[in-house]
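Shown next, in structure tokens, is the structure this report addresses.
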Amino acid sequence: MSSPIDIETADVSYLPDFMALVTEVGWPHTPEDVSSLLLLGRPWRAIDRESRETIGVAIWWPMGRGCGRVGLVIVSAKFQGYGIGRAMMQKVIEDAGTRTLMLLATEEGKPLYDKLGFESVGLTQRHQGHYSLSSTIERKTHPARLADLSEIVALDARVTGFDRSSMITHMFDTGKTNFLRAHDQITGYAIARPFGLGNVLGPLIARNEDDAEALFAATAGPGILRIDRLIEAEKLGQFLEAKNLPGHEVTHSMARGSPPVCRGNGHIFTMASHAWG
Ligand SMILES: CC(C)(COP(=O)(O)OP(=O)(O)OC[C@H]1O[C@@H](n2cnc3c(N)ncnc32)[C@H](O)[C@@H]1OP(=O)(O)O)[C@@H](O)C(=O)NCCC(=O)NCCS
């Protein structure tokens, strides 16, 4: 690589550049998916100074004052290995200030994050397949209305330690949300929304496995379905396998700084996405 590069902030007007790189690496995101990631995050791009071509992208999402997540980190194949990934990540780290940053690392991305001080704090597995059942409204699950949103956001913050209010509001607006209630309090919720080739089901937060399965059954609909399951939710993994949703690659969840403290009486079973945790 001969020409120097610049690292600059970006916005949604660069959607075609971000989509070109997403397509190059073969990720499933649609333009709508990437547009939401851009609108809710702080995007950066690496530019070849001579051609002004976008040759790398990265986005991070503030989730409260103490935390953020990073995703959509891509360097175009012919520019890889020249320090562009590292330079973009350094801008992201600088921009995020003292926040703990978390991400899900691909096999290719992990060596870069290792070198930047990220440490593995868990594993997730992608399940994907053609789900054939219609949603079954169980006695205890309820479809969420706008009036339930603030309580869902509060539960999510207690259980994850992240303030994901803008992301959850977006997912609520574009997807289907169900929740569980006990003793007059929301104790679990799940959202399914369009993503990539079909739908993704997550976040799914619940007190226990039975609640998680009830939320899954109420929220999943027929078609291509993806679930990013925390590896420790083993029983849910078997449940998904039995529903024709086999497990695929396992991905490292990594943190730079102390992961947020979780105070809620609930567990994360599935993630919203690689980007939003
Ligand atoms: C991951 C990716 C962004 C790295 O970008 P890059 O510009 O090639 O990385 P850099 O050249 O800045 O490398 C940064 C450091 O990581 C190391 N590194 C990068 N890829 C590596 C690999 N596959 N194996 C070992 N080390 C690697 C480099 O040696 C370098 O170390 P150094 O700075 O101490 O010399 C790029 O490979 C990519 O776009 N991959 C496809 C998409 C993807 O998987 N993204 C990650 C999403 S989580």
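The values are calculated or read from the model by the stated rules, or taken from the named source; none is laboratory data. Keep in mind it's a predicted model, so treat the numbers as computed, not measured. All Cβ positions, glycine included, derive from the backbone under ideal geometry; neighbour counts span all protein chains shown.
Please go through the stretch 96-120 and pick out each residue that is within 15 Å of the ligand (Cβ to nearest atom) and under 30 Å from Leu215 (Cβ atoms).
Leu101, Met102, Leu103, Leu104, Ala105, Thr106, Ser120, listed by residue number.
Output the number of residues of the stretch 124-152 satisfying the condition of being buried (at least 17 other Cβ atoms within 10 Å of the Cβ), more than 27 Å from His252 (Cα to Cα) and hydroxyl-bearing (Ser, Thr, Tyr).
2
Is it fair to say Gly81 is farther than 17 Å from Ala20 by Cα and more than 7 Å from the ligand (Cβ to nearest atom)?
No: the conditions fail for Gly81.
So Arg69 clears everything in (1) surrounded by fewer than 23 Cβ atoms within 10 Å (Cβ to Cβ); (2) of a type in the set (D, E, K, R); (3) touching a Gly at 6+ places or on another chain (Cβ under 8 Å) except one condition, right? Which one?
(1)
Is it true that some residue in the stretch 13-21 is at pLDDT 95 or above, within 13 Å of the ligand (Cβ to nearest atom) and in contact with an Asp or Glu (Cβ under 9 Å, 6 or more places away or on another chain)?
Scanning the stretch 13-21 turns up no residue that is at pLDDT 95 or above, within 13 Å of the ligand (Cβ to nearest atom) and in contact with an Asp or Glu (Cβ under 9 Å, 6 or more places away or on another chain).
Just for the stretch 96-115: of the residues that are of a type in the set (A, V, I, L, M, F, W, C) and more than 17 Å from the chain's Cα centre (by Cα), which one is surrounded by the most Cβ atoms within 10 Å (Cβ to Cβ)?
The extreme case among them is Ala96.
May I ask you to verify whether Ile84 is under 20 Å from the mean Cα position of the chain (by Cα) and of a type in the set (A, V, I, L, M)? It would help to see each step written out before you state the result.
Working: under 20 Å from the mean Cα position of the chain (by Cα): no; of a type in the set (A, V, I, L, M): yes.
No: the conditions fail for Ile84.
Given the options Thr177, Thr169, name the one that is in a helix (DSSP H, G or I) and polar (S, T, N, Q). Talk me through it step by step, then tell me what you get.
Numbers: Thr177 fails: in a helix (DSSP H, G or I).
So the residue among Thr177, Thr169 that is in a helix (DSSP H, G or I) and polar (S, T, N, Q) is Thr169.
Can you tell me which residue in the stretch 173-185 is surrounded by the most Cβ atoms within 10 Å (Cβ to Cβ), limited to those that are among the charged types (D, E, K, R) and closer than 15 Å to Leu149 by Cβ?
Result: Lys176.
Kindly establish whether Gly64 is crowded, with 19+ Cβ neighbours inside 10 Å and either modelled with pLDDT under 95 or within 29 Å of Val200 (Cβ to Cβ) (or both). Working first, answer last.
On the way: crowded, with 19+ Cβ neighbours inside 10 Å: no; either modelled with pLDDT under 95 or within 29 Å of Val200 (Cβ to Cβ) (or both): yes.
No, not satisfied.
Is it the case, given these coordinates, that Ile59 is hydrophobic (A, V, I, L, M, F, W, C) and at pLDDT below 95?
So Ile59 fails the test.
Go through the stretch 46-61 and give me each residue that's out of contact with any Leu (no Cβ under 8 Å at 6 or more places or on another chain) and buried (at least 21 other Cβ atoms within 10 Å of the Cβ).
Ala46, Ile55
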